[in-house]
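Worksheet: the structure to be examined is printed underneath.
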Amino acid sequence: MHTIKDDFEEKRLEAEILINHIQDVSNETGSVNKVAILKSAFIILLYNVIESTAVLILERVHEKVSRHQYCELSEQLKKLYIECYMFNESKKKQQVALDLIIGNSLAFPDFEELTKKINLFSGNLDARELSKIMERYGIGKITSLNKEKLVIVKNKRNKIAHGEVMFKECCRNSTHKELSVIKTAVFDSLNQMILLTDKYFEQKRYLVH
């Protein structure tokens, strides 16, 4: 998890640099459109932090879990295991997978393989969705202060990504204070996700008890 934490701190610094730059540019004459565009870029940055951090954490979970056989895993992970290898497959493939599972010859899928079979998320991450995903693994859920602010990031990012609004319009009316609160909420939520995953590993809750 050390690499994930280092990456997370770098992203926190990048967000701090950009929001400070927005404040500096706001003091320049005739900078209204420039500031509005920078605010939207800031929201995109925050959403990218949410998604990339979630992916890194889940990749690490899969890496650790894949070292164990099916019979050793928690009930939540067994369900994911079965869903990945058995659902929406032909009877022949299901039988092959079942034989491999019984023989302890089929490793827990890596994150990329799982997401080809199961749509965990697709541009829709907020605190609620992160909690749903974490609970599927038995990790826990996000309860940090202002976690609901992640919905704002998700919705604004999606409007920009889908071309519903222009960069210069999406966050024009968002104040520096509002953006700061949103930034803190994002990093607090993700930090809690990292801490919960640390505890998940320490207590070996990915294994059957």
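So that you can scan it fast, the table gives a plain yes or no per residue for (1) at pLDDT 95 or above; (2) assigned to a helix (DSSP H, G or I):
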position: ILE82; (1), (2): no, yes
position: ASN88; (1), (2): no, no
position: GLU112; (1), (2): no, yes
position: SER131; (1), (2): yes, yes
position: LYS156; (1), (2): yes, yes
position: LYS177; (1), (2): yes, yes
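Counting just the residues of segment 1-38 that are among the hydroxyl-bearing types (Ser, Thr, Tyr) and farther than 27 Å from GLN192 by Cα, which one comes out least open to solvent (accessible area, probe 1.4 Å)?
SER31
Quick check on this structure: which one of LYS177, LYS147 is among the basic types (Lys, Arg) and surrounded by fewer than 20 Cβ atoms within 10 Å (Cβ to Cβ)?
After ruling out the rest, the residue left standing is LYS177.
When only residues in segment 179-205 that are in a helix (DSSP H, G or I) and without any contact (Cβ under 8 Å) to a residue 40 or more places away in the chain count, which is farthest from ALA41 (Cα to Cα)?
GLU202
Kindly indicate whether any position in segment 86-101 is among the hydrophobic types (A, V, I, L, M, F, W, C), open to solvent by 10 Å² or more (accessible area, probe 1.4 Å), closer than 21 Å to ALA15 by Cβ and free of Cβ contacts under 8 Å to residues at least 40 places away in the same chain.
no
Return yes or no: is ASN104 surrounded by fewer than 18 Cβ atoms within 10 Å (Cβ to Cβ) and part of a loop (DSSP other than H, G, I, E, B)?
Judged against the criteria, ASN104 is a match.
Might you let me know whether segment 188-198 holds any residue that is over 17 Å from the mean Cα position of the chain (by Cα) and surrounded by 15 or more Cβ atoms within 10 Å (Cβ to Cβ)?
Looking for residues that are over 17 Å from the mean Cα position of the chain (by Cα) and surrounded by 15 or more Cβ atoms within 10 Å (Cβ to Cβ), one finds none in segment 188-198, hence no.
The values are calculated or read from the model by the stated rules, or taken from the named source; none is laboratory data. Since this is a predicted model, take the numbers as computed values, not measurements. Every residue, glycine as well, gets a Cβ built from its backbone with ideal geometry; the counts of neighbours run over all protein chains shown. Heavy atoms of the whole protein, side chains included, go into the accessibility calculation; ligands, DNA and RNA do not. Shrake-Rupley method; radii C 1.70, N 1.55, O 1.52, S 1.80 Å.
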